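Below is one structure, written out as structure tokens; the observations come after it.
Read-outs throughout are calculated quantities, based only on the coordinates presented, and are distinct from any laboratory measurement. Just so it is clear, the model here is predicted, and its values are computed rather than measured. For neighbour counting, all protein chains shown are included, and Cβ atoms are generated from backbone atoms with ideal geometry for every residue, glycine included.
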């Protein structure tokens, strides 16, 4: 019994010493010693010949300490800045809040966006922050076709989807983003003579969410992933598809021929979204072509096919 008590005493003393040693590893650090950087200006702007509004958004980045400290300080829109856009011959000013928009804008008629032309964006905030960037509008690539197809699930549910195809021009590097909208017109509202509808973004299920480049496939025929048009629901105990729920629907598919800046930026954002919340994943650095700030200023050209499903 005395031997057992002695071992128990030795184990307890060892545990206390271990805990004391771990406690000595803890040091309190003042936030002033962390070397935190202040919030940075973030610029987002995309130009296209098909746009009716030229728009640029200015925000502030979040600090390293996270949302609890920085959300109230640095993630709002920057509303006091001078934002200008130049095509090399003339310059226009984009103004904040026009028509209620929470970004800087100007009607596209004030400056034509032309394929092959380079545009320069300049930003000066009320606090003296300066940023500048350039982009060149790539040539358009036409959609070849948009197909509607379907598949059966569980031998009782039919799901409809769309795919887009296009021919990649040979002998040049090309980047693409496939987007689209599924517009559903409410049956009862249309009968009543009203134009009430629901807009749903088309989400393509390929690896990069509709983002492509022609590396290793120059001059090939490209086919997008599937974008499903809606889920089957139950009504009165029976399955009812969207074609019975709505009087009609419109499908609009866009093929954006984007520049390399857009492609690299969107690709990094997609990769970051895949690892978000995983503490063991390698961090994804988001590229920026903005001098003096963060963000993306890029150009694209759009080809569109629309169809009505009755």
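With only alpha-carbon atoms counted, please give the Rg and Dmax of region 38-136, in Å.
That works out to 14.5, 46 Å for Rg and Dmax.
Place a point 7 Å from the Cα of residue 173 along the Cα-to-Cβ direction; which residues of region 274-296 have their backbone N under 15 Å from it?
none
Between residue 80 and residue 223, what length in nm is gained on full extension when 0.36 nm per residue of separation is reduced by their alpha carbon distance?
So the extension gain works out to 47.1 nm.
Any chance you could run the full-extension gain for residue 52 through residue 304? It's 0.36 nm times the residue separation minus the Cα-Cα distance, nm to one decimal. Write out the running numbers ahead of the final one.
Values: separation 252, 0.36 × 252 = 90.72 nm, distance 1.53 nm.
Fully extending the segment from residue 52 to residue 304 adds 89.2 nm.
Using per-residue counts of other Cβ atoms within 10 Å, averaged over each peptide, order 197-205, 260-268, 109-117 from highest down.
Working: 197-205: 14.9, 260-268: 19.7, 109-117: 13.2.
Put in order of decreasing packing, that is 260-268, 197-205, 109-117.
Between residue 198 and residue 122, 0.36 nm times their residue separation minus their Cα-Cα distance comes to what?
Full-extension gain reported as 23.6 nm.
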